[in-house]
Every structure is written in structure tokens, then in C-alpha cells.
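Undergrad: Take a look at the following structure, please.
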Amino acid sequence: MLLKKHMELIAAIVSGAIILIAWLLKGVIPPPFWITLMIFSFIIGGFAKAKEGIEDTVKNHTLNVELLMILAAIGSAAIGYWTEGAILIFIFSLSGALETYTMQKSEKELSALMNLQPKEALCITNGTEKLLPVEDLKIDDVILVKPGERIPADGKIIKGQSAIDESALTGESIPTTKQINNDVYAGTVNLNGSLSIKITKLSKDSFVQQMIHLVQTAQQEKVPSQLFIERFESTYVKVVLITVAFMLFLPHFLFGWSWIDTLYRAMILLVVASPCALVASIMPATLSAISNGAKNGILFKGGLPIEQLSSIKAVAFDKTGTLTIGKPMVTDTYFSDSQQEQKLLSIVGSIEKHSSHPLAQAIVRHCKHLHLPTECSIEEMHEASGKGASAVYEGNSWFIGNQTLFDLKTTDETAIAQQGKTFSEAGKTVVYISKNNQLVGLIALKDAVREDTKEAIQKFKRAGIYTVMLTGDNENTAKAIAEETGIDGYYAACMPEDKQTYLRELKQKYQSVAMVGDGINDAPALATADLGIAMGAGTDVSLETADIILVKNKLEKITYAARLSERMKGIVKQNVYFSISVIILLILANFTQWIDLPLGVIGHEGSTILVILNSLRLLGS
């Protein structure tokens, strides 16, 4: 299976090896054997591209560069230049094999989404539990999802309540409390309560499957530059082949050339008009820019992302894990008795240490950061799903949880309640603490902004690039993060399809838009944007979907990549103009009989070497 998957690449390498062997043995083995080696290199290296070119021509009724390169190689061999023809085949087949390999790699992004949805579900029928494939579930079936399990299908809770981790789909870093009649989605994680869920959508219509469809649809959309290249390719091949066809007989009648000279000049034209230098104008520059980016913590998936980057006019950011660290951190504490704050925090940390809830873990981390002990002897520790925890310490009853646990009213005039309201309006999550049913303090938490986020946003603004945040968080949290980072705008409470909608609106307004994200929920948006950029610490699907990956999670690297893009485009333009000029010069010289085949080959290969050397300048930082 692995051998078949990489057959095209293996064929190209074998072809190159045969060429090397033939070159080393030239003059040592008899000419018939040497020519036989070259024929093998032609067949092995050129079969895949020749087949692709012929099939594409038959299917789309248009000519392509694959055919032109094969004909140019055969033409070289026909006039005795086997090595040049074989190298032409080898270079072209190798580039095609690498292109195929890249396409195969990109298909892995959908497997990451597919793996998000469990394969089986525990279905309850007439009180009997039975494990069924997810595909066999029907609408109104009831399934049981235990704590710690991933929800296998979209549905509605009919029994139980729990905190649900929806970060994989919505990007919301803090788990959402779900209870009876609340909707839940396939792929999300049930954290701490047993749930009975009635199926509301078939497996093929689930939220995860919709995301897969969104990614597939977005990836099928061709960018304008790709369409232009396809049109140019067909036109270029037609012009060359028509010109060569005329060269096969017209000079004999118009200029009195002999048939041998006419055929000789036609074959020279086929060789010098082959676009090796033109192709080399782009690929070495692209590889050099990719190497430069990798050295600086930026991974480009091909040349098109680098080309597009310099034309970006707006950048959309996910919040959780992109602008922020991606996990809650304690930002504020408030206690009615400030002198007892450290002791109270130590008790709270001791209670929360027994909970697996992300907020509880954040509070424990905060206590450890302050070097506070969390070893208090806690008794009767209980968790109230979606609300908080209770425990007994030294005969006193302690409760730690959200506003629901305490049934706080916005009209409550206590200092703690008012402070909690202030923190909530600032986009923070508030955890209240009570001792013997009396509020004694609170802890505010927030997903902290990355250290380099503010600086990166300012760099984008100075470059005239509009910045916007797309987040699944609520309005208060989104507003607070937007103000803290200095971002130009934001959209809150975004589901994956909402992010796509907003991106399409941004594309209409700014023409070229990039999306930066890190979660599975960002995959459709990354695929929809003109340029998808993923954080290196992101999920597999975001890394596979994105065009660019920031290995070290540094947003400021995007501006460096944009400057690299400008340099690459400048060098590519130089190479293209030079290579086209050389091709035109060689063609004219051939028409006037100023060059013979060796000189044509030297001019053709020499121009290729020069544009490669020019491209290597991009390796410098």
C-alpha cells in the first residue's frame, strides 16, 4: 500500500539514478547499451506525466505542459541529445511526484475531523443497553454518555446534567453547563455527569459532518491566480506546438532549407522553447523562501501561500489559543477579610485540588504560583455538576462555584456581589466562595492574552492591515479581549459556519483575507480564507487545513513572512522576465540560423542555472 502511494516519487528517483549511472558509464559501455539505459529512464520517469497529460487532454480537450515537456524530451533524443531529454523528463517527473505527495498529505485534514466523532454509541432500547455503530442510530433513539466520553451524535439531553467541553467545535475555552432540553453535539466531551441523550440528527447530518463538508467545499474553490496559470499553460503549449509544426516544413519552401536542416531547426525550437528556465524561475525561489521561513519558525505549504501573503488586506483571528494562551488563569481575587486572603485561598485550593474542572485546576495552579499550601484536611467533598463544589473543613461548610450555585441577584448590594458583577462585565469568569452560607470572597479568571499579541496587532495596523477577531465566546469576553489587544473589530458567539460567513463578507470588502486559528472549529474558516494560518500548538486538523503554520506560536512572524513574500515576488519577476527574454532570443537566433543545437542547449541550461542562483539569494535572512 505504501509502495503504491509513493510510486510516482519512486519512479522519478529511479529515473534520476539511471541517468546518473548512464552518465558515469558513457564511453565505457557500448552505445546500444547506453541508449537502452536512457530509454529506460525516459519510460520510467515519463510514464506518469505522459499518462496524466494524455488523459487530461482527452478529458478537457485542451493541451498542457506535460505533453510539451514529453515532446521536447523526445525531440532532444531524436537529434541525439539523449542526456538533455532524460534530465528534462527527470526534473518534470520529480516536481509532479512532489505535487502528488503534497495533495495526499492535505487529505489527512478530513481524517482528523472524522476521528473526532466516535464510531460507536451505547443505545438504550426498552431498558436494554446495546453498543451500536453511530451510522445505525436513528432519530429519537436514546443513547447513554458517561463522564469522560465523547458524545457520538447530535441530540438533546433528556436526563442528567454535566459540564461539556465544546472547545473542539466552538473554541470556547471554558466548559459549558448543559442540562435537560439543552442541545449537545457530536465530538464534544462530557466531563463529569452521566447523560441520556435523544438523537435529533442522523450521523451524516451531524455538526462534525457539516464541518467536513464546509472544508471540502472551501478547498474546491480555485483562486484567481490558479485559474490564470491553467489558462496560460494551455495557450503556451498551443503556441509552441503550432510553431514547431510550421517549422517542420515551411522553412523548406520559404527559405530553401534542406529537409535535414528544417527538421534540425524544428527540433532545436522544441528544445529551446521548453519552459525549463521559466519553471525554474519560480520553484527555486519558492523553495528558498520556504527554507528561510522554516529557519524563522514559519512553515509554508507551497509557493501559492507565500505569493498571496503580500497582498493580504485583512486578518481574522480566532481568540482561544491564538490571541490568548488557551486556558483560564486567575486574574483577580477579592475577599471580605483581606487579611485572611492567603489562608482562604489555601482552603479553596485544597478543595479544588480534588476536582478535574478546568477552572478548579486554574485555581490550584494559582495557589502553587503563590506558594500556598493545598494540603488542608478536607472532608465530605462533593461536586455539583455545572455549578461548583462543596466541602467541610474544620467543621465549617464551604461552597465554591458560579453564580447559579449561590442564586445571586443583580440587585444584591453586597460588596462581593457588586465586584463579581464588575468582573463579569469585563469578560471574566467569576467563582464565588462561601463559608457557612455566607459569601466571603470570589476569584476571577480569564483566558490570558499572549505576550506578543498586542505587539503583533500594532504591526498589522502600521502595515495598513485590518484586524478582526472571530470567537465563540460571549459578548463581554470578546469585547474585553478586543479592547485589551487593540484589535480593530470582533464578532462574538461564532459557530464555525458563522466564521465562514463573516470571512466571506470580509473578502468582499478587502478582497484578500487571511484567517489565523488553532482549533478544529477553525478548519472551515481556514479553508475559506484566501490564506489559512495555524498556530503550531493547534489541533491536527487546523495544521493540515492551513496554508501556513507558525511553529513557535508567534503572531509577529506573520509580518516577517509578509516581507519575505514581497522579496520572493520581486525575485520571481526578475527570473520570469529574464527567462522569457532568453527563450525569445534563442528562438529568434534559431530562425536566423545563428545557433546550432549545442549552443541552444547551453543558452537554455545556462539561463536555468542563472535564475536558480538568483533565487538562492532568498536563503539569506
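The values are calculated or read from the model by the stated rules, or taken from the named source; none is laboratory data. No experiment lies behind these values; they were computed from the predicted model shown. Neighbour counts are summed over all protein chains in view; Cβ atoms, including those assigned to glycine, are modelled from backbone coordinates with ideal geometry. Areas reflect the complete protein model, heavy atoms only, side chains present, ligands, DNA and RNA absent. Shrake-Rupley method; radii C 1.70, N 1.55, O 1.52, S 1.80 Å.
Undergrad: Inside the stretch 442-475, can you point out the residues that are open to solvent by 70 Å² or more (accessible area, probe 1.4 Å) and assigned to a helix (DSSP H, G or I)?
TA: Result: Lys454, Glu455, Gln458, Lys461, Arg462, Glu475.
Undergrad: Answer yes or no as to whether Thr429 is farther than 30 Å from Gln340 by Cβ and in contact with a strand residue (DSSP E or B) (Cβ under 8 Å, 6 or more places away or on another chain).
TA: No; evaluated as a whole, the condition is false for this residue.
Undergrad: Name, by its number, the condition in (1) within 30 Å of Phe591 (Cβ to Cβ); (2) open to solvent by 10 Å² or more (accessible area, probe 1.4 Å) that does not hold for Lys313.
TA: Checking Lys313 against (1) within 30 Å of Phe591 (Cβ to Cβ); (2) open to solvent by 10 Å² or more (accessible area, probe 1.4 Å), the one that fails is (1).
Undergrad: I'd like the full set of residues that are open to solvent by less than 60 Å² (accessible area, probe 1.4 Å) and more than 19 Å from Gly75 (Cα to Cα), limited to the stretch 26-47.
TA: Result: Ile29, single match.
Undergrad: Only one residue in Thr176, Thr188 is under 25 Å from Thr477 (Cα atoms), open to solvent by less than 10 Å² (accessible area, probe 1.4 Å), at pLDDT 75 or above and not hydrophobic (A, V, I, L, M, F, W, C), so which one is that?
TA: On inspection, the qualifying residue turns out to be Thr188.
Undergrad: Something else: Inside the stretch 451-488, can you point out the residues that are closer than 20 Å to Leu309 by Cα and of a type in the set (Ser, Thr, Tyr)?
TA: Thr453, Tyr466, Thr467
Undergrad: Right, another one. Among the residues of the stretch 426-440, which ones are at positive phi and either assigned to a strand (DSSP E or B) or not polar (S, T, N, Q) (or both)?
TA: Gly427
Undergrad: I need the full set of residues from the stretch 510-527 which are touching a strand residue (DSSP E or B) at 6+ places or on another chain (Cβ under 7 Å) and not acidic (Asp, Glu), in order please.
TA: Correct list: Tyr510, Val513, Ala514, Met515, Val516, Gly517, Gly519, Ala525, Leu526.
Undergrad: In the stretch 268-304, which residues are open to solvent by less than 10 Å² (accessible area, probe 1.4 Å) and of a type in the set (D, E, K, R)?
TA: none
Undergrad: Right, next: Return yes or no: is Thr62 modelled with pLDDT of 80 or more, among the hydroxyl-bearing types (Ser, Thr, Tyr), more than 19 Å from Ala22 (Cβ to Cβ) and more than 32 Å from the chain's Cα centre (by Cα)?
TA: No.
Undergrad: Looking only at residues in the stretch 538-591 that are of a type in the set (S, T, N, Q) and in a loop (DSSP other than H, G, I, E, B), which one is most open to solvent (accessible area, probe 1.4 Å)?
TA: By that ranking, first place goes to Thr539.
Undergrad: Restricting the search to the stretch 129-158, which residues are surrounded by 12 or more Cβ atoms within 10 Å (Cβ to Cβ) and part of a loop (DSSP other than H, G, I, E, B)?
TA: Leu137, Ile139, Asp141, Pro147, Glu149, Ile151, Pro152, Ala153, Asp154
Undergrad: Which residues, counting only those in the stretch 507-528, are open to solvent by less than 10 Å² (accessible area, probe 1.4 Å) and modelled with pLDDT of 90 or more?
TA: Val513, Ala514, Met515, Val516, listed by residue number.
Undergrad: Still on this structure, I have one more. For residues in the stretch 340-360 being open to solvent by 70 Å² or more (accessible area, probe 1.4 Å) and closer than 18 Å to Gly193 by Cβ, which is farthest from the chain's Cα centre (by Cα)?
TA: Only one residue tops the list, namely His354.
Undergrad: Would you confirm, using the coordinates I've provided, whether Asp140 is touching a strand residue (DSSP E or B) at 6+ places or on another chain (Cβ under 7 Å), of a type outside the set (Gly, Ala, Ser) and at pLDDT 90 or above?
TA: yes
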